Amino acid sequence: MVDNLPVNLELARSILEPSGFKIITAGENDRGAGPGPGGPCDLILSDVCMAGGTGYDFIQAVQADSRLRTVPFVFITSTMLAG
């Protein structure tokens, strides 16, 4: 899970880990780190609105990485934009 707000990363961890999911978190500055030592993950959850770039920028980088391009990607956000 990638999010610029640590509270959101901990919220996801507190919701998903009790159901048996292993959660690897990354702040927006860590999002280019690539797959962890166990190889690519099963799913990428990413915030859409981050201060250092958008989730759309991040998904483009993921899709450009041959190790990650087949990993399902889900956008989430805790930000509400008025339109």
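The values are calculated or read from the model by the stated rules, or taken from the named source; none is laboratory data. Remember, predicted model here, so these are calculated numbers, not experimental data. A quick note on method: Cβ atoms are made from the backbone with ideal geometry, for glycine too, and the neighbour counts reach across all protein chains shown.
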Report task. Could you list all residues from region 14-40 that are more than 10 Å from residue 1 (Cα to Cα) and either at pLDDT below 60 or assigned to a loop (DSSP other than H, G, I, E, B) (or both)? Result -> 20, 21, 22, 29, 32, 33, 34, 35, 36, 37, 38, 40
Requested in this report: Pairs only if they're at least six apart or on different chains, beta carbon under 8 angstrom, first in region 30-57 and within 19 Å of residue 13 (Cβ to Cβ) and of a type in the set (Asp, Glu), second exposed (fewer than 12 other Cβ atoms within 10 Å of the Cβ) and modelled with pLDDT of 85 or more; list them, first residue then second.
Outcome: 42/72
Report summary line: Only unsatisfied item for residue 2, checking (1) modelled with pLDDT of 85 or more; (2) surrounded by fewer than 14 Cβ atoms within 10 Å (Cβ to Cβ), is (2)
Query - Residue in region 50-79 that is surrounded by the fewest Cβ atoms within 10 Å (Cβ to Cβ), counting only those that are modelled with pLDDT under 85 and either of a type in the set (D, E, K, R) or within 16 Å of residue 7 (Cβ to Cβ) (or both) - result: 51
